[in-house]
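Q: Sending over a structure as structure tokens; questions will come in a sec.
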Amino acid sequence: MIRLAAAVTSVVPAEPTQQALGYPSLFLLVLIGALVPVVPTGALVSSAAVVAFHRTAPFSLALVFVTASLAAFLGDAMLYWLGRRGLRSKNGSRWLEAIRARAPEERLGQAQDRLADHGVAVLVLSRLVPAGRIPVMLACLLARWPLRRFARGNLPACLAWAVTYQLIGILGGSLFEEPWEGLVAAVALTVLLSTAPTAWRRLRRLIPAHRSD
């Protein structure tokens, strides 16, 4: 965790020349993280916000927000477009199969029910719920939502996501004088928020099993 916090300090560097490289790096990493789950994008945005808070805030904080939300929006739109192509193809596609693999049947069923009842509001909330984005995206794909309709709902979702994780970073940065301490706190809080729901579901499944014994 400390290594991750130290690595992301380069996302919002202090020097103007380095900043010109830092924000495109943030954009690229969040974009990749929206397409494939290899980048902890929430922790990345929170960490960038910590660094920005200790430097040229609020200007840097505004740039982090714009960069992160735009990259998330474009990444989601690209993934949705690739998924729609897979639905139209007779043989499917690797991207569609990857989306299906990341959406368990139980979560997909819940997402479909909520999408039918509440529409776009579910899409807006899906990015704020850990592991909620992909099942709702797949539900939109299976409901044959056009890309334009998905994009209209996904834009406020990405804005809310960027604000949430940036606030986590600002909180971490305000609690500690040293930027690296705020980075560690922000990353720890982000990891806790992302893993707590999964841990709670597993715990709920184990409790009935122990009672039956």
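The values are calculated or read from the model by the stated rules, or taken from the named source; none is laboratory data. Remember, predicted model here, so these are calculated numbers, not experimental data. When we count neighbours, we look across all protein chains shown, and the Cβ atoms used for this are built from the backbone with ideal geometry, even at glycine. SASA here: full protein model, heavy atoms, side chains in, ligands and nucleic acids out. Shrake-Rupley method; radii C 1.70, N 1.55, O 1.52, S 1.80 Å.
Q: What single numbered condition from (1) within 28 Å of residue 54 (Cα to Cα); (2) open to solvent by less than 30 Å² (accessible area, probe 1.4 Å); (3) within 13 Å of the chain's Cα centre (by Cα) fails to hold for residue 169?
A: Every condition holds for residue 169 apart from (3).
Q: Hey, can you tell me all the residues within segment 109-143 that are out of contact with any Cys (no Cβ under 9 Å at 6 or more places or on another chain), in a loop (DSSP other than H, G, I, E, B) and closer than 24 Å to residue 33 by Cα?
A: Passing the criteria: 128, 129, 130, 131, 132.
Q: What are the residues in segment 121-153 that are open to solvent by 60 Å² or more (accessible area, probe 1.4 Å) and at pLDDT below 90, if any?
A: 125, 128, 129, 131 - these are the residues of segment 121-153 that are open to solvent by 60 Å² or more (accessible area, probe 1.4 Å) and at pLDDT below 90.
Residue by residue, here is whether (1) aliphatic (A, V, I, L, M); (2) at pLDDT 85 or above; (3) part of a helix (DSSP H, G or I); (4) surrounded by fewer than 17 Cβ atoms within 10 Å (Cβ to Cβ) holds:
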{"site": "7", "(1), (2), (3), (4)": "yes, no, yes, yes"}
{"site": "24", "(1), (2), (3), (4)": "no, yes, yes, yes"}
{"site": "31", "(1), (2), (3), (4)": "yes, yes, yes, no"}
{"site": "37", "(1), (2), (3), (4)": "no, no, no, yes"}
{"site": "63", "(1), (2), (3), (4)": "yes, yes, yes, no"}
{"site": "77", "(1), (2), (3), (4)": "yes, yes, yes, no"}
{"site": "80", "(1), (2), (3), (4)": "no, yes, yes, no"}
{"site": "91", "(1), (2), (3), (4)": "no, no, no, yes"}
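Q: Give me the pairs: first residue in segment 161-172 and under 17 Å from residue 124 (Cα atoms), second residue open to solvent by less than 60 Å² (accessible area, probe 1.4 Å) and not in a helix (DSSP H, G or I), beta-carbon distance under 6 Å, and six or more apart or on different chains, which are they?
A: 161/127
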